[in-house]
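Some notes on the structure that comes next.
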Amino acid sequence: MALYDFHTHSFFSDGELLPTELIRRAIVKGYSAIAITDHASASNIQSLIEQVRRDSDLVKQEWKFNVLVGVELTHCPARSISRLAAEAKEAGADIVVVHGETLVEPVPPGTNQASVECCDVDILAHPGLLTIQQAALAVENGVFLEVTSRRGHCLGNGNTVVLAREAGAKILINSDTHSPDDLHTEEFAKTVGLGAGLSALELAIVMDKNPLELLQRVVARSNR
Ligand SMILES: [Zn+2]
Ligand SMILES: [Zn+2]
């Protein structure tokens, strides 16, 4: 199976590494592509995208490696999510992740609902106690749901898998990397998926087919 990761942090927010070192380490681990999605709010969307884009362009040219430039909208007022997601896309973001209602932080209630209602959101990360109605809205609006290896946030993985299966929502496995050791190997990513309750067949879809669908969406958008 292929290895992808659409949710990582550089030191432009609270990660430990420069984008270039994060990318270099991802290449060595065997990733096919990664997204860098630093924590964002109205304060820093533009600057994050500009900064990470410079390294993404450099790496594409020199190492032929595909890095998606993104943001993770984090602890923003729920009513601002659609506006901020659109602003990020307007500023050139390849993908928009939203920091969902994890069980271990006081994320503003309504964040999950606002995210699955918004076509500019690509991934609802660690959605915690998502509802079946919200999983159905994720399908309708093309929002991927995240299964994560991140400590604390991973407590909601089981619920995410059960509801995604019932609603037909698409899952991605992400590392939410902040430190170099957080990056996955292919074996570890598989373990995270199986541990969350995916079947072997579902795991193949989650690791191979869903990432390609997201990458194709990004290419289609950039050609517009
Ligand atoms: Zn997050
Ligand atoms: Zn994150």
Look at SER82 and say whether it is small (Gly, Ala, Ser) and buried (at least 20 other Cβ atoms within 10 Å of the Cβ). no
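This table checks each residue for (1) crowded, with 18+ Cβ neighbours inside 10 Å; (2) in contact with a strand residue (DSSP E or B) (Cβ under 6 Å, 6 or more places away or on another chain); (3) not polar (S, T, N, Q).
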site	(1), (2), (3)
ALA40	yes, yes, yes
ASN44	no, no, no
LEU48	yes, yes, yes
ARG54	no, no, yes
LEU58	no, no, yes
GLN61	no, no, no
LEU68	yes, yes, yes
THR74	yes, yes, no
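From the list LEU129, LEU124, LEU103, which residue is in contact (Cβ under 8 Å) with a residue 24 or more places away in the chain, outside any helix (DSSP H, G or I), open to solvent by less than 10 Å² (accessible area, probe 1.4 Å) and on the phi < 0 side of the Ramachandran plot? First the steps, then the outcome.
Numbers: LEU129 fails: open to solvent by less than 10 Å² (accessible area, probe 1.4 Å); LEU103 fails: open to solvent by less than 10 Å² (accessible area, probe 1.4 Å).
Selected residue: LEU124, the only one of LEU129, LEU124, LEU103 that is in contact (Cβ under 8 Å) with a residue 24 or more places away in the chain, outside any helix (DSSP H, G or I), open to solvent by less than 10 Å² (accessible area, probe 1.4 Å) and on the phi < 0 side of the Ramachandran plot.
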Would you say ALA35 is over 20 Å from VAL139 (Cα atoms) and within 14 Å of ligand 2 (Cβ to nearest atom)? yes
Hey, does the stretch 143-164 have a residue that's among the acidic types (Asp, Glu) and more than 14 Å from ligand 2 (Cβ to nearest atom)? no
When SER82 is evaluated against the numbered criteria (1) touching a His at 6+ places or on another chain (Cβ under 8 Å); (2) more than 19 Å from SER10 (Cα to Cα), which criterion, by number, is the only one it fails? (1)
Mind checking which residues of the stretch 143-181 are within 13 Å of ligand 1 (Cβ to nearest atom) and in contact (Cβ under 8 Å) with a residue 60 or more places away in the chain? GLU146, THR148, ASN174, SER175, ASP176, THR177, HIS178
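Looking only at the stretch 85-100, which residues are outside any helix (DSSP H, G or I) and crowded, with 21+ Cβ neighbours inside 10 Å? Write out each step before concluding.
Initial filter on the stretch 85-100 (outside any helix (DSSP H, G or I)): 91-100.
Selection gives ALA93, ASP94, ILE95, VAL96, VAL97, VAL98, HIS99, GLY100.
The values are calculated or read from the model by the stated rules, or taken from the named source; none is laboratory data. Because the structure is a prediction, the values reported are computed rather than measured. Heads up, the Cβs are rebuilt from the backbone with ideal geometry, glycines too, and the neighbour counts pull from every protein chain shown. The area values use the complete protein model at the heavy-atom level, side chains included, leaving out ligands, DNA and RNA. Shrake-Rupley method; radii C 1.70, N 1.55, O 1.52, S 1.80 Å.
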